[in-house]
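Everything on this sheet refers to the single structure shown next.
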Amino acid sequence: MNLGQFLEKFGRTMLERPLATSPDPDEPPELAEIRLAILDQVREKSYRSGGRKVFPYDLLRVELRGVEQNRAGVFTGQFFRKYLEQEVHNALRTGGCRYPDNLRVDVSATVGLPRRDEPWLIVEAVSLEQADGGKHAARLVVQEGTANAGELGLDKARINIGRVVDVYREAGLFRRNDLAFEADTDVNRSVSREHAHILHDRLSGEYRLFNDRWYPRGGECGTWIVRDGMSQEVHRTARGTKLEPGDEIHFGKAVVLFEE
């Protein structure tokens, strides 16, 4: 049984027996490897408090890299996400670990061949309901280029930036950009369809910028930050680059200002 068939079977099981928790002997080895790697990360991010283990985060972001283009839709589909959520909840419950009732899993898949020094799986745990102390969300203000919004509040856990709003692959809609430079101008043409994204961790308060471009197209099409008059390139890494108020972010020739 391949991955797609297994997830289709899982979806039917969820409808017929939504509380089923026993392991499925038909689970493909590939899926088992992903599941075990994610559960290892969950255990590493748990801690003991008051004699019990605690996993305080209410969102797990899972990013799979090096995915074949014709399978990206399987990994980003509802059945795969629900499967991972059920497995994480079951593992935490079985291990006697306290966790938020609203704990959910988000999955993204990056198509292409992974680099030699790049992890194939990234798991990030964040707390979306951590109190912000009344602090307003940060925002991006467009300085150069014509975007679908002159200002964009960073009020979501993830903000995507690119050339168009909807990015399609063979399997269908692959990604939706919140800030899109769609107009056909010289500045906008230097922005890639999947150029970058920003993640906000409400637990730490950090905003981190990630370069999503796989291929080099020269300096004018890259991603970099100008801070205190100094230029800093944003490389494609698992940790991204922490943003500071006043950072001037360059997406190719397009420029936005990060304000907090």
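The values are calculated or read from the model by the stated rules, or taken from the named source; none is laboratory data. No experiment lies behind these values; they were computed from the predicted model shown. Quick reminder, even Gly has a Cβ in these numbers, built from the backbone with ideal geometry, and neighbours come from all protein chains shown. When the accessible area is computed, the model is the full protein with side chains, heavy atoms only, and any ligands, DNA or RNA have been set aside. Shrake-Rupley method; radii C 1.70, N 1.55, O 1.52, S 1.80 Å.
For the range 48-86, which positions are open to solvent by 30 Å² or more (accessible area, probe 1.4 Å), assigned to a helix (DSSP H, G or I), touching a residue at least 40 places away in the same chain (Cβ under 8 Å) and of a type outside the set (Phe, Trp, Tyr)? Scanning the range 48-86 gives GLN69, ASN70, ARG71, GLY73, VAL74, GLN78, LYS82, GLN86.
Within the range 164-188, the set of residues being surrounded by fewer than 21 Cβ atoms within 10 Å (Cβ to Cβ), more than 22 Å from ARG61 (Cβ to Cβ) and in contact with a helix residue (DSSP H, G or I) (Cβ under 9 Å, 6 or more places away or on another chain) comprises GLU170, GLU182. Taking the range 166-235 and the strands (runs of 3 or more DSSP E) fully enclosed by it, the elements with 1 or more residues that are in contact (Cβ under 8 Å) with a residue 12 or more places away in the chain are at 166-169, 172-176, 196-201, 206-211, 223-227.
State whether one or more residues within the range 91-99 are under 20 Å from the mean Cα position of the chain (by Cα), at pLDDT 80 or above and surrounded by fewer than 17 Cβ atoms within 10 Å (Cβ to Cβ). Scanning the range 91-99 turns up no residue that is under 20 Å from the mean Cα position of the chain (by Cα), at pLDDT 80 or above and surrounded by fewer than 17 Cβ atoms within 10 Å (Cβ to Cβ).
Screening the range 118-131 for residues that are part of a loop (DSSP other than H, G, I, E, B) and open to solvent by less than 70 Å² (accessible area, probe 1.4 Å) and picking the one that is modelled with the highest pLDDT gives PRO119. For GLY11, the criteria (1) touching a Lys or Arg at 6+ places or on another chain (Cβ under 9 Å); (2) assigned to a loop (DSSP other than H, G, I, E, B); (3) at pLDDT below 50 hold in every case but one, which is (2). In the set (1) modelled with pLDDT under 85; (2) within 18 Å of the chain's Cα centre (by Cα); (3) open to solvent by 40 Å² or more (accessible area, probe 1.4 Å), ARG104 fails one condition alone, (1). Restricting the range 228-243 to residues that are under 16 Å from HIS200 (Cβ atoms) and open to solvent by 70 Å² or more (accessible area, probe 1.4 Å) leaves a set whose member that is farthest from the chain's Cα centre (by Cα) is LYS242. Across the range 197-227, which residue is most open to solvent (accessible area, probe 1.4 Å) among those that are more than 15 Å from ILE159 (Cα to Cα) and either at pLDDT 85 or above or among the acidic types (Asp, Glu) (or both)? Residue satisfying both the conditions and the ranking: GLU220.
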